[in-house]
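Here's the structure we're looking at; comments come further down.
The values are calculated or read from the model by the stated rules, or taken from the named source; none is laboratory data. The structure displayed is predicted, hence computed values, not measured ones. Cβ atoms come from the backbone with ideal geometry, glycine included; neighbour counts cover every protein chain shown. All accessible areas refer to the heavy atoms of the entire protein, side chains included, with ligands and DNA or RNA removed. Shrake-Rupley method; radii C 1.70, N 1.55, O 1.52, S 1.80 Å.
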Amino acid sequence: MVDVPFDTVAGIPPAEVGEVDLYHPKSWWTRYVFSQDAKVIAIQYSITAMSIGMVALVLSWLMRLQLGFPGTFSFIDPNQYLQFITMHGMIMVIYLLTALFLGGFGNYLIPLMVGARDMVFPYVNMLSYWVYLLAVVVLVSTFFVPGGPPGAGWTLYPPQAILSGTPGQDWGIILMLASLILFIIGFTMGGLNYVVTVLQARTRGMTLMRLPLTVWGIFTATVMALLAFPALLVASVMLLLDRLLGTSFFMPTLVEMGQLTKYGGGSPILFQHLFWFFGHPEVYIVALPAFGIISDLISVHARKNIFGYRMMVWAIVAIGALSFVVWAHHMYVSGMHPYFGFFFATTTLIIAIPTAIKVYTWVLTLWRGDIHLTIPMLFALAFIVTFVNGGLTGLFLGNVVVDVPLSDTMFVVAHFHMVMGIAPIMAVFGGIYHWYPKITGRMLNEVLGRFHFWVSFLGAYAIFFPMHYLGLLGMPRRYHDIGETAFVPASAHDLNAFMSVAALIVGFAQLVFLFNLVWSLFKGKEAGGNPWGAASLEWQTPETPPGHGNWGKELPIVYRWAYDYSVPGAAGDFVPQNEPPAGLLAQGAGP
Amino acid sequence: MAVAIILLLVAIASVAFHLFSPWWWTPLASNWSYIDHTITLTFWITGAVFVAVVVFMAYCVLRFHHKEGRRAAYNPENKRLEWWLSVGTAIGVAAMLAPGLVVWHQFVTVPADATDVEVMGQQWQWSYRLPGKDGRLGTSDARLVSPDNPMGLNPDDPNGKDDIVVQNDDLHLPVGKPVKVLLRSIDVLHDFYVPEFRAKMDMIPGSVTYYWFTPTRTGTFEVLCAELCGAAHAQMRSKVIVEEDKEYHAWLEKQRTFAELSSPRSVAKVIYKTGSE
Ligand code: HEM
Ligand SMILES: [Cu+2]
Ligand SMILES: [Cu+2]
């Protein structure tokens, strides 16, 4: 917006961070390993998240092989299938997406986009990564302990999760809970950093209403995560106590394999409330950063300001707030009081309104734009398609009575993969293709990129769109084999086989992507400082990749929002945020 | 150009798949046709939105694709448009929510003449209990579970003596009579799910949950467990047989009551099965 308060800008004394405040590396170790530079931490987070994500991807192949060709793979038994879904789900949601969006994109982009030299607490930021790494190591260790990883589903519902009818109730569940507790500790350290940095370390002129939407998305998601993770933390601690010390927080009087246990008086539903009080906001913790990233990608690559910026910001904040009062829509058939259904269905469908507004602003940003079909733009388009598709099926599941036949079927699996699996992953890819040149100084290979895009987008759609209809038919989720079931026609098995083949092809395309990441590091085209002609601050750094401290001698001063594209009368088709207005220089009021 | 066409094809293929693919819900066998209608309505509204958004995107890509000399328009905001879109969305959402809540109200309001039927889940099998001549079910408690009393029924409760207990067998129901299904578990969560009835609800150890429905056609329907309950979750099956009154009563005659089952002579005949099938 051009409502720049020039005078106030000139009036603020330069907020300069002295050299002493930066913890410059003294050796190779402190530069690359125990680094306190948010950009290095971001890369560490991203590499760790993508590595563990590969494990989840391989697990998805195994599950799809089993579902598509039941009985063919003797090495996958029912217990293992349950362990695979549990580890796959948990890794994808928490250790991949949450860590990548907040720890990866957040660390890299927040300081650069708000014009700061680094996060405000660099040492804590470093610790955050190392605790996260420890959490991942503990998680992976479950594959090697007696009994293997937990098989209780990623929701870990008690009593089942800690009783002997479930695989991994021995060591697996204990380590999983320990790993979650570590993750939350690590995240809290990082999260406080992101929030305080956005609130306190913005450069001169960077008002909140001039922040790029990526920062708004990551910021709001972080605030939500700081409020939501504690619920998971206490649930994990209580479940651990039930398992280890025989307390009965979640355990009523019950029989285990014909034997009466010592448990008594606890409530399994309490766990579900705690879990989903975290779990629903978690959906938006991965969605809001994606919203922000997509907004910025569309704006840059359509050379047009984001339509309705203020509406966008309010929609992000409204979604963030509302998402704390909808959690029980995951529990419509849990046996909670049926009257809760009225309340939670209403709040859930209300969230659809700000969410729809976001979609409108994206497509209206395309309208009358100058659309460059670059790879980031393609991923942004794919994001909109998959997100709209998954968001709309959310209206089925949110509308309590419609949820009754569909809950716990493959319809749900299809829905959440579309909306919080595929769509955010599209945003991750779009973001990586977009910012890779800033991070490495080189472009990712275009041909490999386009191949990766088309296979991933169309392939993922081919896996998950038809899956809804198997759920509608009545196929439950978490079944390793539907077997002979009267209402399931033979053709449904063919469809399953088709989806499995598509999943393998999509998986292969991810290997091409990884290859591209490595190959382009050495052989990619030189990018220069601002290959896309983007206006936001991270593209205006004096060096590419930016050095420690980001800005060289002086912090940038911001004069406008991040979306001055194709401004009438301006010479180029974008004006960087830190470019002083013409009049200001003439008056000599500039820096 | 290619991108616009592919986007269009995605929209067309999705609609075509919806209309022509053979995978659809099972023929209804209960009174919950309202649920099906609400789903159909939701499909129409959401389908229209999906197609509109994707087609609009395809149009934009086609029409505003970068060419030499093209410059994007500069329009940061349009209050009126934003306002109209919000109101339109709110109306669409209300059109789905309102009927949904009305039907939910019916779903949670059990008619007075519904008969109680108890379904008990345990790893990994189903048991059933029907009230005897007194029309009432006796109390139960997980602490009472034993090989002689696998459902944990209270032997001191007079209401329970004549309860009919069905173990390792199918449940029979008379067609056209509303039933209130009382759901109970003695170990972990389960979920009594018959796709043709459309209804489902978790069973929780320590509480009794419920739902109601009226079977509307005779036949044999498969029972599945819809809440993960451990290793043999997928094999936890049973059947519900809906039949005419006469056949139902003939079946009922042959069933045994709790008192009969727990008298010393008949204990030996009850085979108690643990573990998976
Ligand atoms: C092409 C990629 C993927 C494939 C082929 C895939 C496949 C699967 C399959 C087959 C299941 C088990 C379904 C069942 O039997 O219930 C599953 C569950 C799940 N997936 Fe994925 N998935 C993919 C990507 C993702 C992503 C990106 C996410 C991130 C949100 C994700 C999150 C989950 C979750 C949360 C579950 C539920 C686990 C549970 O039931 O406890 N998946 N996936
Ligand atoms: Cu939710
Ligand atoms: Cu089950």
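Mean partner shielding of peptide B:21-30, defined as the number of other chain Cβ atoms within 10 Å of each residue Cβ, is 4.
What's the longest piece of chain A with no exposed trypsin sites (Lys or Arg not before Pro), counting a site as exposed if DSSP puts it in a loop and it has at most 10 other beta carbons within 10 Å? The reported range is A:263-552. Among B:Phe43, B:Phe107, B:Phe197, the largest mean-square fluctuation in a Gaussian network model of chain B, built with springs joining Cα atoms closer than 10 Å, belongs to B:Phe43.
Centre-to-centre, using Cα atoms only, region A:26-88 and region A:522-576 are separated by 34 Å. Rolling a 1.4 Å probe over the protein heavy atoms of the protein assembly as shown, with every protein chain left in place, gives an accessible area that is 67 percent carbon and sulfur.
In degrees from 0 to 90, rounded to the nearest 10, what is the angle of the helix B:2-20 Cα long axis to the longest principal axis of chain B? Once rounded, one gets 30 degrees. The accessible area of B:Val242, taken with all protein chains in place and a 1.4 Å probe, comes to roughly 0 Å².
The convex hull built on the alpha-carbon positions of region B:115-276 has an orientation-averaged projected area of 8.7 nm².
Report the chymotrypsin sites (Phe, Trp or Tyr not before Pro) located in region B:1-38 that are in a DSSP loop and have at most 10 other Cβ atoms inside 10 Å of their Cβ, or state none. Sites meeting the loop and neighbour criteria: B:Trp24. Compute the acute angle (0 to 90°) between the alpha-carbon long axis of helix B:33-63 and the principal axis of greatest extent of the alpha-carbon atoms of chain B; round to the nearest 10°. With both axes taken from Cα atoms, the answer is about 20 degrees. Of all complete DSSP H helices in chain A, those with a Cα span along the helix axis of 27 Å or greater and a mean Kyte-Doolittle hydropathy of -0.5 or more are A:38-68, A:122-141, A:172-200, A:213-244, A:268-301, A:340-366, A:375-398, A:446-473, A:490-523.
If I model a spin label as a point 7 Å beyond the Cα along the Cα-Cβ vector, how far apart are those points for A:Glu446 and B:Leu9 in nm? That separation, rounded to one decimal, is 2.2 nm. Of the residues B:Glu77, B:Glu260, B:Glu247, the one that moves most in a GNM of chain B with alpha-carbon contacts below 10 Å is B:Glu77.
Working ranking of peptides A:65-72, A:146-153 by packing, defined as the average number of other Cβ atoms within 10 Å per residue, highest first, is A:146-153, A:65-72. For B:Arg256, the residues whose modelled amide H falls within less than 5 Å of its own, excluding neighbours fewer than 5 places apart on the same chain, are B:Val165. When the protein assembly as shown is described by a simple charge dipole with +1 on each Lys and Arg Cβ and -1 on each Asp and Glu Cβ, the residue from A:Pro545, B:Gly160, A:Ile505 located farthest towards its positive end is A:Pro545. Secondary structure note: in region B:115-276, about 70% of the DSSP beta bridges are antiparallel.
Going from the isolated chain to the complete set of protein chains, region A:251-275 loses at least 50 Å² of heavy-atom accessible area (1.4 Å probe) at A:Thr253, A:Val255, A:Met257.
For chain B, a Gaussian network of Cα nodes joined below 10 Å ranks B:Tyr59, B:Tyr211, B:Tyr74 by mean-square fluctuation, and the top entry is B:Tyr74. The Cα center of region A:202-216 and the Cα center of region A:157-176 differ in position by 45 Å.
At a threshold of 30 Å², the residues of region B:166-195 that become less accessible to a 1.4 Å probe in the full protein assembly than in their chain on its own are B:Ile186, B:Asp187, B:Val188, B:Leu189, B:Tyr193. In region B:120-146, which residues become less accessible by 20 Å² or more once every protein chain is in place, relative to the chain on its own, using a 1.4 Å probe? Correct list: B:Gln123, B:Trp124, B:Ala142, B:Arg143, B:Val145. Taken about its Cα centre, region B:115-276 carries a charge dipole of about 120 debye when Lys and Arg each add +1 at the Cβ and Asp and Glu each add -1 at the Cβ. Based on the Kirkwood approach, the hydrodynamic radius assigned to the protein assembly as shown is 28.7 Å, with every pair of different Cα atoms included. Pairs exceeding a 26 Å alpha-carbon distance, out of A:Lys39/A:Lys523; B:Lys180/B:Lys239; A:Lys262/B:Lys200; B:Lys133/B:Lys180; A:Lys39/A:Lys304; B:Lys161/B:Lys200: A:Lys262/B:Lys200; A:Lys39/A:Lys304; B:Lys161/B:Lys200.
The sum of -39500 (n - 2.57) across all DSSP H runs of n ≥ 4, divided by the residue count of chain A, sets its helix-only mean residue ellipticity at 222 nm to -19500 deg cm²/dmol. For A:Arg442, the amide hydrogen comes within under 5 Å of the amide hydrogens of A:Ala527, counting only partners 5 or more places away or on other chains and with H modelled in the peptide plane.
Diffusion coefficient (Stokes-Einstein, Kirkwood radius over C-alpha pairs, 10 °C, 1.306 mPa s) for chain B: 70 µm²/s, rounded to a whole number. Remark: region B:115-276 carries 39 Å² of accessible area per residue (probe radius 1.4 Å; ligands, DNA and RNA excluded).
Return the calculated 222 nm mean residue ellipticity for chain B, to the nearest 500 deg cm²/dmol, obtained by summing -39500 (n - 2.57) across DSSP H runs with n ≥ 4 and dividing by the residue count. Helices in chain B give a 222 nm mean residue ellipticity of -12000 deg cm²/dmol.
Charge dipole of chain B (Cα centre as origin; +1 on each Lys and Arg Cβ, -1 on each Asp and Glu Cβ, all else neutral): 1120 debye, rounded to the nearest 20.
A DSSP coil position with no more than 14 other Cβ atoms inside 10 Å describes the following chymotrypsin sites (Phe, Trp or Tyr not before Pro) in region A:59-107: A:Phe73, A:Phe75. Hull volume per residue, based on the alpha-carbon atoms of region A:30-112 and their convex hull, is 86 Å³. Per residue of peptide A:354-361, the mean number of Cβ atoms on other chains within 10 Å of the residue Cβ is 4. Around the Cα centre of the protein assembly as shown, unit charges on the Cβ atoms of Lys, Arg, Asp and Glu (plus for the first two, minus for the last two) sum to a dipole of about 1720 debye. Compute the distance from the alpha-carbon center of region A:331-399 to that of region B:91-129, in whole Å. Between the Cα centre of region A:331-399 and that of region B:91-129, the gap is 27 Å. Entry comment: accessible area of region A:56-166 is 26 Å² per residue, from protein heavy atoms only and a probe of 1.4 Å.
Rounded to the nearest angstrom and listed largest first, the equivalent-ellipsoid semi-axes of region A:457-591 from its Cα gyration tensor are 54, 20, 13. Applying both filters, DSSP loop and at most 10 other Cβ atoms within 10 Å, to the trypsin sites (Lys or Arg not before Pro) of region B:73-163 gives B:Lys133. How many Å² of accessible surface get buried when B and A come together, counting both sides, probe radius 1.4 Å, rounded to the nearest 100? Buried area between the two chains comes out at roughly 9000 Å².
Axis angle, to the nearest 10 degrees, between helix B:245-254 and the longest C-alpha principal axis of chain B: 50 degrees.
Rolling a 1.4 Å probe across all protein chains gives A:Met50 an accessible area of roughly 50 Å².
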